[in-house]
1. In debye to the nearest 20, how big a dipole does segment 44-183 give about its Cα centre with +1 on each Lys and Arg Cβ and -1 on each Asp and Glu Cβ?
2. Nearest-5 percent of antiparallel DSSP beta bridges in segment 131-295?
3. Can you compute the label reach from N209? Point 7 Å from Cα along the Cβ direction, backbone N cut-off under 14 Å, restricted to segment 124-143.
4. Taking the number of other C-beta atoms within 10 Å as the exposure measure, put L155, L124 in order starting with the fewest.
5. What Kirkwood Rh does segment 112-209 have if only Cα atoms enter the pairwise 1/r average? Answer in Å.
6. Quick one: if you stick a label point 7 Å off each Cα along the C-beta vector at E58 and Y30, how many nm between them?
7. Under a cut-off of 16 Å between alpha-carbon atoms, report the aspartates and glutamates in cross-link reach of K20, not counting same-chain residues fewer than 8 places apart.
8. Once you charge only the Cβ atoms, +1 for Lys and Arg and -1 for Asp and Glu, what is the size of the charge dipole of segment 2-118 about its Cα centre, to the nearest 20 debye?
Amino acid sequence: MKIGIDIGGSHIGIGVVSEKGIIIDKKEKYIVSDNKIVDPDKIKKENLKIEMEKFIIENINYYNNLYNIESVGIAVPGTVNKTTIIKAVNLGIENYNISEIIKKATGLKTSIKNDAKCSALAELKYGNFKEFDNGLFLCIGTGIGGAVIYNQKVLEAKNVPGYEFSHMIIQKNGILCNCGKRGCFEAYGSIKRFKEKIATEFGLTNLDNQNIKEFLINNLNDFRLKYFINQYIENLAIGISNLINIFEPEVIVLGGGFVDYSEILLEPLKKQILTGNLLFNKRNDIILELAKLGSDAGIIGATLNDKIPIFNK
């Protein structure tokens with residue numbers, strides 16, 4: 001058995017994963033705002049690290065007593081090397097050697113990898129990339145994580161994970177992103193941005209997915225709401241079409257919080273990309289589908305770091 005840990009922009013999931021890629025036990029915890037609108041400047045980053053470490057270490061030790069754990073894999077939203085979170089802008093964390101801290105506290109071998117790459121690994125082995133040679137994975141949640149599948153391998157740059165789709169500019173002098181640049185794809189296309197925009201415009205005080213989703217379903221005929229949904233879809237389609245024009249994938253797999261809103265957003269997104277005037281090479285054969293493993297992809301993929309080759313040359 002192995003433990004997979006998925007550190008998201010707002011929560012942590014930790015699970016025990018079998019050799020067949022099945023999660024047999026799992027726990028989750030919100031680590032940032034408990035789904036309420038919070039000024040990110042008010043979040044105490046050192047306390048965040050303490051809360052993360054406490055939750056992770058306690059549960060690793062708990063599971064290790066039950067299942068005799070072989071190793072731990074951690075999926076992180078941001079730039080990492082083999083041991084350290086170099087920067088995770090949505091968590092406000094830099095140069096954080098989390099793998100060494102976890103290894104020292106638990107005695108277990110601990111590895112670390114970018115979260116979108118982990119999810120892509122899981123979808124490659126167990127999910128919707130199995131039948132394709134080339135594809136893109138987009139984890140659309142608090143931010144936008146990305147991965148490229150080329151000849152059935154996950155691409156990585158030499159020294160850092162790379163393929164930071166989230167921080168390509170889609171609007172000159174646009175919205176300020178957490179990374180410090182303006183106009184990033186993430187600043188317009190993340191589900192967090194979508195939820196906050198809807199909540200602000202319509203006076204909602206809770207960003208719980210179910211709460212937002214129910215509001216959307218019950219008010220889809222509202223003219224203003226249609227406008228904000230269409231605006232979000234347009235921005236998301238611009239970013240994804242840019243990626244299609246560069247990589248010409250066979251399939252695009254979408255994960256993260258986007259999955260929770262797929263019945264509202266997926267078909268309009270497909271239509272905007274495939275019938276709009278966004279693609280250089282007109283394509284009717286591109287498949288846009290949801291991650292088969294859903295929100296579990298990061299946890300499962302974190303345990304596959306040493307099992308599937310990464311193409312980085």
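Coordinate-derived values only; no laboratory data. Computed from a predicted structure; not experimentally measured. Neighbour counts are summed over all protein chains in view; Cβ atoms, including those assigned to glycine, are modelled from backbone coordinates with ideal geometry.
1. Working: 18 positive and 13 negative charges, 76 e Å.
In total the dipole reaches around 360 debye.
2. Values: 10 of 19 bridges.
Among the beta bridges of segment 131-295, antiparallel pairing accounts for roughly 55 percent.
3. Of the residues in segment 124-143, 139-143 have backbone N under 14 Å from the label point off N209.
4. Numbers: L155 18, L124 23.
Placing the least packed residue first, the sequence is L155, L124.
5. Numbers: mean 1/r = 0.0675 Å⁻¹.
Its Kirkwood hydrodynamic radius stands at 14.8 Å.
6. In this crude spin-label approximation the distance works out to 1.7 nm.
7. E70, E123, D296, D306
8. 200
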